[in-house]
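Taking it in order: structure first as structure tokens, then the write-up.
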Amino acid sequence: MPGANLRRTRTVPAGRNPPSLGTYDVMASLRVLVAEDDPAIRELLVHHLSRDGFITVEAPDGNAALRHGRDGVALIVLDVGLPGVDGFDVARTLRREGHSAPILMLTARADEIDRIVGLELGADDYVVKPFSPREIVARVRAILRRSGQPHEPGPQLLRFGRLEIDDRAREVRVDGNSVGLKPREFALLRALADRPGLALSRDALLERVWGYDFDGDQRTVDVHVRRLRMKLEEQSGLPACVHTIHGFGYKFTQP
Ligand code: CA
């Protein structure tokens, strides 16, 4: 959408929307697929891309990358060395099937660079490991700009039906009415809503919302989820949107 003002709320076209998410309005958000088998690298990329306002989808292997790539995403960050189907074959297959999402390839080896460039797999850019996550985010933005899908980083408004999460006002609204959330409650909901449908572990949530240095325990997350549910569901009449994954953590779905 060249020249589109992404600060306006727009509806994600049905074809680009995975069925599991239902329909939702997203402002200034684009879905980026992160296909990387190393969980530490994947988590790092997801963290930085999410913080920059992107909605991320994760794939730990080649088959998952193909599945999400076919669902439709704005861009694919694609590791060459993926288990199952490797990054080269993922790129080739998606291109052959007519999927045109830009691809940023991650490689660990010089000889792979020759193949990325030489085979014309349809990759738009590549980065050699080790890399800085900031560099990846900058490249992702540059590629989207070049491909006519400019991304305005920073504060945004996420809209899920009756629920709005407004970064600029640090406010959550149901039916337009402000729900009084404390900062940690807001951050927790924001972290969950960043990745609708994906389960996040208590540890991941602790790290994201309370930070690496936090030395409390996992029950902290449970306590805050309880308060969130009380405010959103009991006080504001919203259907359940934060779901318990027993023995693991929580996930967000559109209420
Ligand atoms: Ca790898």
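Name the residue, out of 180, 176, 161, that is at positive phi, in contact (Cβ under 8 Å) with a residue 24 or more places away in the chain and outside the structural domain of residue 105 (by TED's automatic domain parsing).
161
Tell me, which residue of region 97-108 that is in contact (Cβ under 8 Å) with a residue 24 or more places away in the chain and out of contact with any strand residue (DSSP E or B) (no Cβ under 7 Å at 6 or more places or on another chain) is nearest to the ligand (Cβ to nearest atom)?
108
Looking at 90, 73 in this structure, which one is among the β-branched types (Val, Ile, Thr), modelled with pLDDT under 90 and crowded, with 19+ Cβ neighbours inside 10 Å?
73
Sort out which residues of region 118-148 are surrounded by 18 or more Cβ atoms within 10 Å (Cβ to Cβ) and either on the phi > 0 side of the Ramachandran plot or at pLDDT below 80 (or both), and write them in order of number.
Result: 121, 123.
Look through region 43-58, keep the residues that are modelled with pLDDT of 85 or more and in a strand (DSSP E or B), and return whichever of them is nearest to the ligand (Cβ to nearest atom).
Residue satisfying both the conditions and the ranking: 58.
Is there a residue in region 74-96 that is within 16 Å of the ligand (Cβ to nearest atom), under 24 Å from residue 252 (Cβ atoms) and within 16 Å of the chain's Cα centre (by Cα)?
yes
Output the residues belonging to region 172-210 that are acidic (Asp, Glu) and touching a helix residue (DSSP H, G or I) at 6+ places or on another chain (Cβ under 8 Å).
Matches in region 172-210: 185, 194.
So residue 158 fits all but one of (1) in contact with a strand residue (DSSP E or B) (Cβ under 6 Å, 6 or more places away or on another chain); (2) modelled with pLDDT of 90 or more; what number is the exception?
Among (1) in contact with a strand residue (DSSP E or B) (Cβ under 6 Å, 6 or more places away or on another chain); (2) modelled with pLDDT of 90 or more, residue 158 violates only (2).
Can you name every residue in region 185-217 that is modelled with pLDDT under 85, closer than 19 Å to residue 158 by Cα and part of a helix (DSSP H, G or I)?
Matches in region 185-217: 208, 209.
Among (1) under 30 Å from residue 68 (Cβ atoms); (2) crowded, with 19+ Cβ neighbours inside 10 Å, which single condition is residue 179 missing?
With respect to (1) under 30 Å from residue 68 (Cβ atoms); (2) crowded, with 19+ Cβ neighbours inside 10 Å, residue 179 is out only on (1).
Looking only at region 168-189, how many residues end up being basic (Lys, Arg) and within 14 Å of residue 236 (Cα to Cα)?
1
When you check residue 220 against the structure, is it surrounded by 12 or more Cβ atoms within 10 Å (Cβ to Cβ), in a strand (DSSP E or B) and of a type outside the set (Gly, Ala, Ser), yes or no?
In short, no.
What pairs come up if the first residue lies in region 27-42 and is at pLDDT 85 or above, the second is of a type in the set (Phe, Trp, Tyr), and their beta carbons are under 8 Å apart, counting only those six or more places apart or on different chains?
Matching pairs, first to second residue: 31/54; 32/54.
The values are calculated or read from the model by the stated rules, or taken from the named source; none is laboratory data. Just so it is clear, the structure is predicted and the values come from calculations on it, not from any experiment. Here the Cβ is made from the backbone with ideal geometry for all residues, glycine too, and neighbour counts use every protein chain on show.
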